[in-house]
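Undergrad: Here you go, one structure.
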Amino acid sequence: MTITHFIISFILAYVFGSMPFGYWIGRLFFKKNILQLGSGNIGTTNTFRVLGTKAGVAVLILDILKGSVGASMAMIWGPAPAWTHMVVGLGAILGHTFSMWIGFKGGKAVATSMGVLLTYNPLLFVVAFAIFLTVILLTSMVSMASMIGFTLVSLISIFWLHDWLLSVIAVALTIFVFYRHRENIVRIKNGTESLVHFGFGYWRQQNNK
């Protein structure tokens, strides 16, 4: 892949990553502007909070897919080394976080990063998704699942896979995800974090009322 090919692939990945599915679904099906509700975020966590479980699941899947498609832009010129999928995929993550469609606002990079991981290392994606789903089922908190999932993926990439590229990017994204969830961390500490309407955490909350 030449420098020119890489730049084009990166730009295409950014365009795919910029698609604000949370915003579009809110406007089209719920007549709500998700940018003005909840945390003002277009990602999975705020979509669950503002639009509900069905919309949240839809945005989770679509944001994963756009990350995967974005990373796959490395292959439009032919077979490409695995590392190029990860680097080109950063364009999709950047697009999701700073979407050109909505004034360069965006999400917290969680689901789109998982999509990039799906293309780069499908087995680790399965592990990451299992961790994500397990934590949601236990806590009913998407934010908690996101932070724990990124942390464990970073540890796995460092101490088990010994993949330096993935390790560096995973650690950087983990720091970024924690930063973008700083308000969620405060709410978790205060016991006021929003819960999805399923899982043990939600069940316990309903039974304690």
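The values are calculated or read from the model by the stated rules, or taken from the named source; none is laboratory data. Bear in mind that the values here come from a model prediction, so they are computed numbers and not experimental data. Heads up, the Cβs are rebuilt from the backbone with ideal geometry, glycines too, and the neighbour counts pull from every protein chain shown.
Undergrad: Looking at (1) under 21 Å from D63 (Cβ atoms); (2) within 18 Å of the chain's Cα centre (by Cα); (3) not polar (S, T, N, Q), which is the only condition V168 fails?
TA: For V168, the exception is condition (1).
Undergrad: In addition: Take the residues in segment 165-207 that are among the aliphatic types (A, V, I, L, M) and in contact (Cβ under 8 Å) with a residue 60 or more places away in the chain; name whichever of them is nearest to L51 (Cα to Cα).
TA: V196
Undergrad: Here's something else I'd like to know. Tell me which of these T53 doesn't satisfy, since it passes every other one: (1) in contact with a Leu (Cβ under 9 Å, 6 or more places away or on another chain); (2) surrounded by fewer than 19 Cβ atoms within 10 Å (Cβ to Cβ).
TA: For T53, the exception is condition (1).
Undergrad: Name every residue in segment 48-68 that is within 13 Å of the chain's Cα centre (by Cα) and among the basic types (K, R), in order of residue number.
TA: K66, the sole residue that qualifies.
Undergrad: Moving on. Sort out which residues of segment 103-122 are more than 21 Å from K54 (Cα to Cα) and assigned to a loop (DSSP other than H, G, I, E, B), and write them in order of number.
TA: G103, F104, N121
Undergrad: Here is a list of conditions, (1) within 18 Å of the chain's Cα centre (by Cα); (2) among the aliphatic types (A, V, I, L, M); (3) more than 24 Å from P81 (Cα to Cα), and V186 meets all of them except one; can you say which number that is?
TA: It fails just one condition, (1).
This table checks each residue for (1) of a type in the set (S, T, N, Q); (2) touching a residue at least 24 places away in the same chain (Cβ under 8 Å); (3) in contact with a helix residue (DSSP H, G or I) (Cβ under 9 Å, 6 or more places away or on another chain); (4) not in a helix (DSSP H, G or I).
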| position | (1), (2), (3), (4) |
| --- | --- |
| A13 | no, yes, yes, no |
| S39 | yes, yes, yes, yes |
| R49 | no, yes, yes, no |
| V59 | no, yes, yes, no |
| I64 | no, yes, yes, no |
| W77 | no, yes, yes, yes |
| G89 | no, yes, yes, no |
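Undergrad: Name the single residue, out of those in segment 85-122 being polar (S, T, N, Q) and under 13 Å from the mean Cα position of the chain (by Cα), that is surrounded by the most Cβ atoms within 10 Å (Cβ to Cβ).
TA: The selected residue is T112.
Undergrad: Still on this structure, I have one more. In segment 123-160, what residues are part of a helix (DSSP H, G or I), over 14 Å from the mean Cα position of the chain (by Cα) and of a type in the set (G, A, S)?
TA: Those that are part of a helix (DSSP H, G or I), over 14 Å from the mean Cα position of the chain (by Cα) and of a type in the set (G, A, S): A130, S154, S157.
Undergrad: For segment 60-71: of the residues being at pLDDT 95 or above and surrounded by 22 or more Cβ atoms within 10 Å (Cβ to Cβ), which is farthest from S39 (Cα to Cα)?
TA: In this case the residue turns out to be A71.
Undergrad: Still on this structure: Just checking, which of F48, F16, F21, F10 is over 17 Å from T97 (Cβ atoms) and among the aromatic types (F, W, Y)?
TA: Every option except F48 fails the conditions.
Undergrad: If you go through segment 169-209, how many residues are farther than 21 Å from T134 by Cα, in contact with a helix residue (DSSP H, G or I) (Cβ under 9 Å, 6 or more places away or on another chain) and among the basic types (K, R)?
TA: 1
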